[in-house]
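The structure appears right after this line, and notes come after that.
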Amino acid sequence: MPVRPAIDALPAYVPGARVPAGAAAFKLTSNENPYPPLPSVLMAISDAAADVNRYPDMFALDLLDAVAEHVGGGVTAENVVVGNGSVAVLQHVLAAVVSEGDEVVMPWRSFEAYPIVVPVVGGVSVQVPVTATGRLDLPAMAAAITPRTRAVLVCSPNNPTGPVVRQAEFDAFMAQVPSDVLVVLDEAYVEFVRDPEVADGPAAYAAHANVVLVRTFSKAYGLAGLRVGYAVARPRLARAIRSASTPFGVNHLAQHAAVASLNAQDELLERVEAVVSERTRMVEALRDQGWELPDAQGNFVWFEFGERTVEYAAEATSAGVLVRPFAGEGIRVSVGEPVANDLLVAVAARWREGLPLG
Ligand SMILES: *Cc1c(COP(=O)(O)O)cnc(C)c1O
């Protein structure tokens, strides 16, 4: 059976290494939340488990209302579309606007799902390198727009490099983008951002009909294992994204867990604050060692190692901390529990001594 050439050519999504059963290692590979679910969220999940013989609410109405209230700024349930993780939501957003052969401009290195979802919907990826400090090169991204471009992906903070897009550069960028090109602002790590100059997603959405926000419950809200994310879009586009979505795409447990998480927001945001202060502690310790790191605004830190990336990652593994290597480029390390972060800082000191290590 012939397979579509675009599918045959897809890069594989490389998941972070998992800790082998019985082994002692910290998993700093996948930007997960190191905290287990709150008791109130666990309770919502176990209560919902009693009803899984039934289909979930197809329209996830309670979740749409809760998300709309959470985002604020006049956003209503009509503007919110949920999906099975924000990667699925992103794919549905693109499916709503991209036709066969249309171009989608993206930063690179950035989130590794981008060059997968674009060809899946029939689009062509146009990758624009990030700057030497790991920032999105928005002027170059605007210049890469052609009459075939249907969408531009803007990842802020950028995974895996870390910096955000700032308001002034975003405004200058939007002035260059034609109004029929969709700008997808991927804010997967928005809760961790402390850069006061960050571009304001809800304000951008309110100001421009061609801006869509994409967010997730996987990172700050600690629900990576349940798969739930959402897009915020103007009504006509939101309807189109809904049409392109898998029916019943967010399962019953995930819907209830996400609503419970928004209800427990204050408690969860205290944990986010703890991760942010661990990030600050880690980055300061690393800078003291002499590292020049990009501005870390997500729950992760980026090291450039070029050709020696895999060697350096192996050194971390043998020290008991799993990290995420991007071969030939660098290593992303998630901010985890304090003892894991201490271990990583100790590994980084050995990295600085240079390899081979014995
Ligand atoms: C982790 C991440 C997501 C979220 O993925 P989910 O499918 O919601 O788990 C989206 N965008 C970026 C940039 C990410 O790093």
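The values are calculated or read from the model by the stated rules, or taken from the named source; none is laboratory data. Nothing here was measured: the structure is a model prediction, and the numbers come from that model. A quick note on method: Cβ atoms are made from the backbone with ideal geometry, for glycine too, and the neighbour counts reach across all protein chains shown. Side chains are part of the model used for accessible areas, which takes the heavy atoms of the whole protein and leaves out ligands, DNA and RNA. Shrake-Rupley method; radii C 1.70, N 1.55, O 1.52, S 1.80 Å.
Before moving on, here are some points about what is shown:
- Carbon-plus-sulfur accessible fraction, the chain (probe radius 1.4 Å, protein heavy atoms only): 56%.
- Relative contact order [Cα under 8 Å, 6+ residues apart], the chain, whole percent: 23
- Fluctuation leader among SER334, SER40, SER218 - the chain, Gaussian network, Cα springs under 10 angstrom: SER40
- Share of alpha-carbon pairs per 10 Å distance bin for the chain, given as whole %: 5, 24, 33, 26, 11, 1, 0
- Just so you know, the Cα atoms of segment 9-106 work out to an Rg and Dmax of 18.5, 50 Å.
- On the principal axes of its alpha-carbon atoms, segment 115-201 has extents of 36, 27, 24 Å, going from largest to smallest.
- Coordinate range along principal axes, alpha carbons of segment 50-263, Å, largest first: 52, 39, 29
- Under a 5 Å amide H cut-off, with hydrogens placed 1.01 Å from N, PHE300 pairs with VAL335 among residues at least 5 apart or on other chains.
- A full extension of the chain between ARG236 and ALA314 corresponds to an added length of 23.2 nm, given 0.36 nm per residue minus the alpha carbon distance.
- Over segment 202-358, volume per residue of the alpha carbon convex hull, in Å³: 163
- Sequentially through segment 210-220, phi angles give Karplus couplings (6.51, -1.76, 1.60; θ = phi - 60°) of 9, 10, 10, 9, 10, 9, 9, 8, 6, 9, 4 Hz, Gly and Pro residues having no value and appearing as x.
- Share of pairwise Cα separations in segment 295-358, more than 16 Å, in percent: 40
- With N as its number of residues, segment 142-288 has a Cα radius of gyration that, divided by 2.2 N^0.38 Å, comes to 1.16.
- Calculated [θ] (222 nm, deg cm²/dmol) that DSSP helices of n ≥ 4 give over the chain, each run adding -39,500 (n - 2.57): -12000 deg cm²/dmol
- Comparing MET58, MET106, MET174 in a Gaussian network model of the chain where C-alpha atoms under 10 Å apart are linked, the largest mean-square fluctuation is found at MET58.
- Where LEU61, LEU253 fall by accessible area, highest first, once all protein chains stay in place (1.4 Å): LEU61, LEU253
- Max mean-square fluctuation residue, GNM over the chain, Cα-Cα springs under 10 Å, options TRP291, TRP302, TRP108: TRP291
- Accessible area per residue was computed with a 1.4 Å probe on protein heavy atoms; VAL124 scores about 70 Å².
- Segment 188-228 and segment 141-160 have Cα centres lying 17 Å from one another.
- Beta bridge orientation in segment 50-263: antiparallel %, DSSP, nearest 5: 35
- In segment 49-130, the convex hull through the Cα atoms has an average projected area of 7.6 nm², a quarter of its surface area.
- Using a probe of 1.4 Å on the protein chains alone, the accessible area found for ILE45 is around 30 Å².
- Beta bridges assigned by DSSP with both partners in the chain are antiparallel in approximately 45 percent of cases.
- Taking θ as phi - 60° and the Karplus parameters 6.51, -1.76 and 1.60, the scalar couplings of segment 183-198 work out to 9, 9, 9, 8, 10, 4, 10, 4, 5, 8, 6, 10, 6, x, 8, 4 Hz in sequence order, x denoting glycine and proline.
- Using the Cβ-Cβ distance between ALA207 and PHE59 with R0 set to 30 Å, the FRET efficiency works out to roughly 0.60.
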